[in-house]
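The values are calculated or read from the model by the stated rules, or taken from the named source; none is laboratory data. It should be emphasised that the depicted structure is a prediction, and the values quoted were computed from it without experimental measurement. Note that each Cβ is placed from the backbone with ideal geometry, even for glycine, and that neighbours are counted across all protein chains shown.
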Amino acid sequence: MSRKKKVVIVYDEASLDISSELELALNGKISDQVREAMQDTSTISLVEQVETISEVLIEYGYSVSTVITSSDIKQMTDKLQSEKPDLVFNFCESIEGNSFQEMNVAGLYELLNIRYTGSNPLTLGSCLDKVRTKQILSFHKIGITPFRVFVSPDEVVRKKLRFPVIAKPIHEDASIGISNSSILHDRDTLQRHLAELLKKFSQPILVEEYIEGREFNVAIVGTEELLALPVSEIDFSTMPDGYNHIVSYEAKWIPESIEYKNTVPVCPARISQRLQKKLQSTAMRAYEVMGCRDYGRVDMRVDKNGNVFVLEVNANPDLSPSGSGFARSANAFGWTYGQLINNIVESAFKRHIA
């Protein structure tokens, strides 16, 4: 009887607490009661995700265990080496809540010569830098919006801009730093908004032309042989007056907010076959030039003339079984959640075949 292949799921326990991100996004303190409630909800969510992935992999014949990330590198290294995994399922976006460490976790697998799912450290780091992503995409002649980078609000008077624009921190993900007030229509309001963002996030701010149009995303599975799953659209048609048609932090994470209730994902998107092919081909091209592997998601906007602009390449997107766009796209394609996870694992194993 052959030995079962062993898969170790690595995740960051500190990411269970989203209260600090919420305080940052909403620019205010939250009560201990609310903080505790969010921790409990987040804990249940992530633990359930890890348990679900474990169950899926066991059903597909793998031996499964888990490892929690730690800033104690020796402890983490010893744990990984003692597990002797055939493959790590990299479910980690940070170390102890620090997303800047995401690429370094993958770097540790590289140093230990452990096979793992997902993109390599360079790709993870590049995709977390919105400016670097745009530079790479632009070099490969993939459509992006014109942009500027600001380190001081005083630069507004010197840089050429075409309004309206949207401003966002260059190193944040999950829409942190993006709110309904992120769309700016003149230099004075942009200057004031930049001052607030620079003070709050202590990092450069990306300012790019705002595309008034439709927003789509495409989930992709594979490495050399890519499969683009059905196109998903964010439907803003019920958004009340006074609210911009963007996926803000509130729209992603605050269920009781107006933004959350009126950014409805539709998958498969109700679009022409021509636009579907254009979005999927653009997404696959962006995925390839950024060096993504096994799975990823590309977010795009389409203007009134049908021009496609890539907003972001997410090399480590949310894979939660309920609520994530990736799982929704897989379901629209006809896959179960188990098939999605197994296909990601198989893609990783194929990359390592000698």
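Against the test of being in a loop (DSSP other than H, G, I, E, B) and at pLDDT 95 or above, the options I136, I142 yield a single qualifying residue, I142. Which one is farthest from R293 (Cα to Cα), of the residues in segment 85-99 that are at pLDDT 95 or above and outside any strand (DSSP E or B)? Ranking the qualifying residues of segment 85-99, first place goes to P85. Looking across segment 53-87, the residues that are touching a residue at least 60 places away in the same chain (Cβ under 8 Å) and either among the hydrophobic types (A, V, I, L, M, F, W, C) or assigned by TED's automatic domain parsing to the domain that holds I344 (or both) come down to I53, V56, L57, L80, L87. Of the conditions (1) crowded, with 20+ Cβ neighbours inside 10 Å; (2) modelled with pLDDT under 95; (3) farther than 18 Å from I211 by Cβ, D318 satisfies every one except a single condition; which number is it? Answer for D318: the failing condition is (1). Flag not set for R274, criterion: at pLDDT 95 or above, out of contact with any His (no Cβ under 9 Å at 6 or more places or on another chain), outside any helix (DSSP H, G or I) and not aliphatic (A, V, I, L, M). All conditions in (1) closer than 15 Å to V7 by Cα; (2) assigned by TED's automatic domain parsing to the domain that holds V345 hold for C92, with the sole exception of (2).
Quick one: in segment 47-58, which of the residues that are over 22 Å from the mean Cα position of the chain (by Cα) and either closer than 22 Å to S99 by Cβ or among the aliphatic types (A, V, I, L, M) (or both) is surrounded by the most Cβ atoms within 10 Å (Cβ to Cβ)? Looking at residues that are over 22 Å from the mean Cα position of the chain (by Cα) and either closer than 22 Å to S99 by Cβ or among the aliphatic types (A, V, I, L, M) (or both), I get L57. Pairs meeting the criteria (first residue in segment 309-321 and not assigned by TED's automatic domain parsing to the domain that holds K168, second residue of a type in the set (V, I, T) and in a strand (DSSP E or B), beta carbons under 8 Å, at least 6 apart or on different chains) are F309/V302; V310/V298; E312/V298; V313/V298; N314/V298. Being more than 19 Å from F150 (Cα to Cα), modelled with pLDDT under 95 and not aliphatic (A, V, I, L, M): is that true of N217 here? It is false that N217 is more than 19 Å from F150 (Cα to Cα), modelled with pLDDT under 95 and not aliphatic (A, V, I, L, M). Based on what the data block shows, is G61 among the small types (G, A, S) and buried (at least 20 other Cβ atoms within 10 Å of the Cβ)? Answer is no for this residue. With respect to the conditions (1) buried (at least 16 other Cβ atoms within 10 Å of the Cβ); (2) assigned to a helix (DSSP H, G or I), S70 falls short on a single one, namely (2). Is it the case that G242 is part of a loop (DSSP other than H, G, I, E, B), at positive phi and either at pLDDT 95 or above or surrounded by 20 or more Cβ atoms within 10 Å (Cβ to Cβ) (or both)? No; evaluated as a whole, the condition is false for this residue.
Residues checked against (1) within 18 Å of A251 (Cβ to Cβ); (2) in a loop (DSSP other than H, G, I, E, B); (3) among the basic types (K, R); (4) in contact (Cβ under 8 Å) with a residue 60 or more places away in the chain:
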{"residue": "V156", "(1), (2), (3), (4)": "no, no, no, no"}
{"residue": "K168", "(1), (2), (3), (4)": "yes, no, yes, no"}
{"residue": "G177", "(1), (2), (3), (4)": "yes, yes, no, yes"}
{"residue": "S181", "(1), (2), (3), (4)": "yes, no, no, no"}
{"residue": "V207", "(1), (2), (3), (4)": "no, no, no, yes"}
{"residue": "F216", "(1), (2), (3), (4)": "yes, no, no, yes"}
{"residue": "T223", "(1), (2), (3), (4)": "no, yes, no, yes"}
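Among the residues making up segment 110-133, those that are free of Cβ contacts under 8 Å to residues at least 24 places away in the same chain and either closer than 23 Å to V313 by Cβ or outside any loop (DSSP other than H, G, I, E, B) (or both) are E110, L111, P121, G125, R132.
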